[in-house]
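Derivation of every value follows stated rules applied to the coordinates shown; laboratory data play no part. Model, not experiment: these values are computed from the prediction. A quick note on method: Cβ atoms are made from the backbone with ideal geometry, for glycine too, and the neighbour counts reach across all protein chains shown.
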Amino acid sequence: MKDANGNYIPLTNWDVVAWYGQSLDNKPYVAVDDHGNLYATDPEGYRVLHFSTQGSFVNFFGDYGTGPNGVNLPTGIISDGKDGVWIADAGNGRIIHFTIPVQ
């Protein structure tokens, strides 16, 4: 949406308790799925945050580690359109898939 001067203005926004790191490389990425859920990586928190598109916190997933549910510096993220997300796990040098329960 634009204001009268042609400047873009956000339709919605909310504060996120994350992203306190000062690194220029470890910034969050976001993805929105077909159900309107928003996912944001929290690279230095070793997790992915799940919100509604109205800004309500739903849950988070991931934890520091190398196992199937572990991540180490999650950066890129994309919805697969089939109730899941793919995450670039930069610290572990891999791409991982998480299936998201439909709300």
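Quick rundown of the values:
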{"item": "Set Gly45, Gly91, Gly55: member being touching a Leu at 6+ places or on another chain (Cβ under 9 Å), farther than 29 Å from Met1 by Cβ and among the small types (Gly, Ala, Ser)", "result": "Gly91"}
{"item": "Number of positions in region 70-100 that are more than 25 Å from Leu24 (Cα to Cα) and free of Cβ contacts under 8 Å to residues at least 12 places away in the same chain", "result": "1"}
